[in-house]
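One structure is given here, and the rest of the page talks about it.
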Amino acid sequence: MARNYRNETIRKKQRFEEKTNWEALNDPIKDRASHKLRALFAVGIVFLISIFYLNHIYKIQITNHELYTMKAEDNRIRIRPIEPIRGNILDRNGNILAESYDTFNIIAKKENILSKDEFIANASKVFKFNKNQQDQLNIQFKNKTLKEITLKTDTTIEEFTKLSVDQYLLPEMELIINSNRRYIFPEATSHLLGYTGKLSQTDFDSVVDVKDGMTHVGKIGIERFYQNLLSGSPGYEKLETNANNEIIRVLEKKPALRGQDIYLTIDSKLQNYSYELLKGKEGSIIVMNPHNGDILSFISHPGYNNNLFAEGISSKDYKRLLNDKSKPLFNRVLSGQYPPGSTIKPFFGIIALEEGVIDKSKVFACTGAYKLKNYKRPFKCWKKDGHMDVNLSSAVASSCDVFFYRLAETSGIDLMHDKLKKFGFGEKTFIDLYGEKKGLLPSREWKNQSKQTPWYPGETLNVGIGQGYFSATTLQLANATSLLATGGESVTPHLFLKSIGNNIEQTYNYNENKNTVDIDTDSLHIVNESMWRVIYDTDVGTASHLEKIEGIEFAGKTGTAQVYNLDKGKTGTKSLQDHALFISFAPFESPEIIIAVIIDNGGSGSAVAAPIARDIINFYFKNIKTKLAKQ
Amino acid sequence: MRYSDNQFTGLSALFKIDVKLFVIVILIVIIGLTTLFSVSGGDYNLIIKQLIRIAIGMIAMIFLAQIHPDNFRLFSPLLYIFGIILLILTIFFGVGKSADRWLDFYILRFQPSELMKLFVPLMIASFYSDKALPPSLKNLFVASIIIITPAILIAKQPDLGTALLITSSGIIAIFLSGIKLSHIFLGIGLVIGAIPLLWSFMYDYQKSRILSFFSPSQDALGTGYHLAQSKISLGSGGLFGKGYMNGTQSQLDFLPENHTDFIFSAFGEEFGFVGVFILMTLYILVTLRGMSISIKATDNFSRILSGTLILTIFLYVLVNIGMVVGILPIVGAPLPFMSYGGTSMLTVFAALGIIMSVKSHQRLLRK
């Protein structure tokens, strides 16, 4: 068929060519030459374009080789930081106070999730989520600060392996190890240790040494102050990933360096015992070794459960803590500023003796009130009937206010301000925690600057009994008391004992900070004895009702700081009660510990604060076997 | 009229194929298979599938090489009209993912546009074969209609890339037929004038592709992403490449479409500029051999046809490489003889077959 058709067509063509004089019109030689020219022209263009192309490719492959090599590496290589294990916090005897432990969580990175709805649907299949849990996932999606969706917390590797059977449904899911923080005595150590939390923007501008891969940092307390020691150094894994972000292999690995373990000066037994003593009260306690500044107990009551913060506190729990009237988040030791009340009397007494304002036998008559020129209302003594004739020793022991009014009037505010400074009032103790307040040791200059009014004589009297503008922190009282106990060895109160990490033990030599405060020995002796009388002189001692401790004599001073009612109305509610204070050192002859107790609105120092200090001394000498080397 | 079969020996005599052309193409095919094996991560199934397609292509090539060019000339109008009908059918009954390019005959499923890549050069060559050359303006106009009709039908699918390629192959055919210089300028003027008109007929995604070509940073994960990854692959290959099976870009799937449209980048990553140079040389050699056949052909039809087909194959090479190195917009064109896929493999081997038919059936020149 085709052959016939072809032959016929060829015949037709021949007839056509004959008819149209085809041969003349179409000169094959000419056509051939013309075509060759065009073909060669085309070949020339082929070469030109090829050279242009090769030049372009040369630029990419040779000239910019390094740039593209870098980009190719960026494509395939991911650096995954390895978070180091945070060091533990231990007490002086090696009991763990805060520890790190690992939990396994199943998460999915948001960047890997393509479809939210599909993800939730598949996750619900794999984990058998109910409606409520699905809503939770939705909330996690909406929270823009979260980079990943947590599917299951606190799981095990075994469980993950079981769930991995369904990984094809949920390719995004992965098991991650989270290092968590656990506080063994959450409430009792909350204000001391603080807590860790997720790294936030504010941490970058702080003292914290933020390293790559760090997710949690100490936010407050010891966790914050020693963050850089505790945190260790993160390691990393250099991973090769494909375009779907799947890990092909580990190219390089540098393990993380565990953080240092920090031993505190705290004695956990004493800490817990002291904390329990404040049950139902609001207040603070410091127990310290006066010779080296080791703080044995650091109590601010009520505490809070710092584990809640370490796990990531819910807003509900946080609100509850914020709105709690007992202010559990308030660190009373560091930030509570109280009028020292009568606890100032021993220090003022020493100054008066040293400066020759009085001598030890000088007697004033106390009639229950003191009249100051130009003041209508007399300055009252706490004892309405008065203490009759008192010298300094019995004035301290009986806490006679009138005696100290006169002493203040005679000394004047300038002398009091200048000399009380040496006991550390009005200045930070520089304890190793952030947030310390420095109280206020008032002066003429201060009043001029802050109130733009002159100093009134009556205000001097108030300062004389630790009232008025005078305020001090528990730490300052403890610090001042330790000067009495040691006769002028000035130490820095501190919590850091040593750190151990990678088999290297580091201590801090606090002796370098040690100063000597000049205290006249005779004056000190008189005042210390008067503080002994507070406990043991049954006639005048304001705390002589305390049950004595067998074999241990101790000295102390009560204080009851009046709380001024700001709205000048007596409502009689508890919040307007006086602050109860007590400072103490024991044993009397060669002191090993000093104690400062302040109970907010607790009432009288002798009735409320003194028994607590007494119990601590008793517990310390009966139950704490630790021998503190007296240097 | 005698056929000079006696000048062929061996394989050429048996299959009427051009050994030189065939050997060069086989070299390219081997490079393609090697690269394919690497980017598929050593997938033998893929290689076997590709081998089957190559075999089908070769059978088509050998079959077409047996047919006398006169038959192509005579049947060209029929084939052309057949192709146009299929294109029209595609508009109504076409299937496909994003564009309706396929005709589904249950047993057979193919792209009529692919056929037109051969039929349009055939039709132009056939049209000019009995006209005086260089063609008159009237004949130029007719040729334009021959080209534009299928181009518009294909652009409507929408497959702008193929439409442009077919138009280009038609223009090559007109050029080889001996267009006058003045007519060339007229043509260029018309094309420039048509650009705004063409733009207004384009779909948004087509526009965005072209726009992204001019500013790739604007869509990093769209077509710009493809180009960026392609350049990274090539650039990180350097002079000698990363070594066989060591191309991170293609092995780790950063290079998209790495066994179809972007196989050139995958090859360039592993074999470097040296490899690219050699590959380009092979394609140039294919073209030179084809052009040599065209020059030696004994009638206008054969000359125009073989020249057009070989230049069109080279054009496809240029379009693909130009696209993956950032010279041209990403239109989705495979690399002849290398890309994974059946249709394009069949088309280019068929074109080779027709060229070989010209070679093996050339008449001895009358002195």
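Every number in this text was worked out from the coordinates using simple rules, so none of it is lab data. It should be emphasised that the depicted structure is a prediction, and the values quoted were computed from it without experimental measurement. Cβ coordinates were reconstructed from backbone atoms using ideal geometry, including for glycine residues, and neighbour counts include every protein chain displayed.
Observations on the model:
- For the residues of B:312-322, the average number of beta carbons from a partner chain within 10 Å of their own beta carbon is 2.
- Rounded to the nearest 20 debye, the dipole size of segment B:5-360 about its Cα centre is 640 debye, using +1 on the Cβ of Lys and Arg and -1 on the Cβ of Asp and Glu.
- Of the residues A:321, A:285, A:472, the one whose Cα sits farthest towards the positive end of the charge dipole of segment A:268-623 is A:321 (charges of +1 on Lys and Arg Cβ, -1 on Asp and Glu Cβ, taken about the Cα centre).
- Cβ-based net charge around residue A:7, under 11 Å, with every Lys or Arg adding one and every Asp or Glu removing one: +3
- Furthest towards positive pole of dipole, A:268, A:121, A:412, structure part chain A, Cβ charges: A:121
- Gyration tensor (alpha-carbon) shape descriptor, chain B, a/c threshold 1.5: oblate
- Whole-angstrom gap from segment A:246-311 to segment A:458-478, using each part's C-alpha centre: 31 Å
- Protection proxy ranking, highest mean first, for peptides A:240-252, B:306-318: B:306-318, A:240-252, where packing is the per-residue count of other beta-carbon atoms within 10 Å, averaged.
- Placing +1 on the Cβ of every Lys and Arg and -1 on the Cβ of every Asp and Glu, with nothing else charged, gives segment B:280-367 a dipole about its Cα centre of roughly 520 debye.
- Contact order relative to length of segment B:5-360, as percent, for alpha carbon pairs under 8 angstrom and 6 or more apart: 27 percent
- Across peptide B:226-237, the mean count of Cβ atoms from other chains lying within 10 Å of each residue's own Cβ comes to 6.
- Neighbour net charge for residue A:235 - beta-carbon separation under 11 angstrom, K R +1, D E -1: +2
- A viscosity of 0.890 mPa s and a temperature of 25 °C, combined with the Kirkwood radius over C-alpha pairs in the Stokes-Einstein formula, give segment A:290-422 a diffusion coefficient of 133 µm²/s.
- With R₀ set to 60 Å, the beta-carbon distance separating residue A:55 from residue A:253 gives a calculated FRET efficiency near 0.90.
- Among A:94, A:236, A:51 the positive-end extreme of the charge dipole of chain A (Cβ point charges): A:51
- Axial C-alpha extent at least 24 Å, average Kyte-Doolittle at least 0.0 - helices from chain B (DSSP): B:19-39, B:44-66, B:69-93, B:112-129, B:137-155, B:160-178, B:181-201, B:263-296, B:300-325, B:342-360
- Using just its DSSP H runs of length 4 or more, each adding -39500 (n - 2.57), chain A gives a mean residue ellipticity at 222 nm of -11000 deg cm²/dmol after division by all residues.
- Mean residue ellipticity, 222 nm, helices only, chain B: the sum of -39500 (n - 2.57) across DSSP H runs of n ≥ 4, divided by residue count and rounded to 500, is -24000 deg cm²/dmol.
- Cα pair distances of segment B:282-337 binned at 10 Å [whole percent]: 26, 41, 25, 8
- Segment B:52-91: C-alpha gyration tensor shape, a/c 1.5 cut-off, then a/b vs b/c: oblate
- A simple packing score, the average count of other Cβ atoms within 10 Å per residue, orders the peptides B:286-295, A:398-407, A:537-546 as A:398-407, B:286-295, A:537-546, with the highest score first.
- Take every pair of alpha-carbon atoms less than 8 Å apart whose residues are at least six positions apart; their mean separation over the length of chain A yields a relative contact order of 13 percent.
- Estimated distance in nm for a label pair at residue A:354 and residue A:590, the labels positioned 7 Å out from Cα along Cα-to-Cβ: 2.6 nm
- Pairs beyond 31 Å (Cα-Cα), from A:219/A:254; A:437/A:498; A:319/A:422; A:419/A:557: A:319/A:422
- Ranked by how many other Cβ atoms sit within 10 Å of their own Cβ, fewest first, the residues A:557, A:319, B:242 fall in the order A:319, B:242, A:557.
- Taking 0.36 nm per residue of sequence separation and removing the Cα-Cα distance, the residue A:430/residue A:513 pair yields an extension gain of 28.8 nm.
- Segment B:176-205 and segment A:517-558: distance between their alpha carbon centers, rounded to Å: 111 Å
- Computing FRET efficiency as 1/(1 + (r/R0)^6) for residue A:246 and residue A:96, where r is the C-beta to C-beta distance and R0 is 60 Å, gives about 0.90.
- Residue A:147-residue A:314 pseudo-label distance in nm [points 7 Å out on the Cα-to-Cβ vector]: 2.7 nm
- For segment B:258-367: relative contact order, % (alpha-carbon pairs under 8 angstrom, 6 or more apart): 33 percent
- Placing pseudo-labels 7 Å out from each Cα toward the beta carbon at residue B:201 and residue B:130 gives an inter-label distance of 3.1 nm.
- Based on Cα atoms of chain A, Rg over Rh with Rh as the Kirkwood radius reads 1.34.
- Span-like helix ranges in chain A, DSSP H, alpha carbon extent 20 angstrom or more, Kyte mean at least -1.0: A:28-58, A:521-536
- R0 of 22 Å, Cβ-Cβ distance residue A:168-residue B:253: FRET efficiency to nearest 0.05: 0.75
- Using only side-chain charges placed at the Cβ, +1 for Lys and Arg and -1 for Asp and Glu, the dipole size of the protein assembly as shown relative to its Cα centre rounds to 4420 debye.
- Three-way shape call for segment A:2-61 based on the alpha-carbon gyration tensor, with the a/c threshold at 1.5: oblate
- Packing rank of B:84-90, A:30-36, A:605-611, A:268-274, where each peptide gets the mean count of other beta carbons within 10 Å, highest leading: A:605-611, A:268-274, B:84-90, A:30-36
- Chain B: most fluctuating residue of B:30, B:152, B:195 per GNM, C-alpha cutoff 10 Å: B:195
- Rounded Å value of the spacing that divides the Cα centres of segment B:242-270 and segment A:18-95: 12 Å
- For the pair residue A:553 and residue A:505 in one chain, pulling the backbone fully straight at 0.36 nm per residue adds 13.6 nm over the alpha carbon distance.
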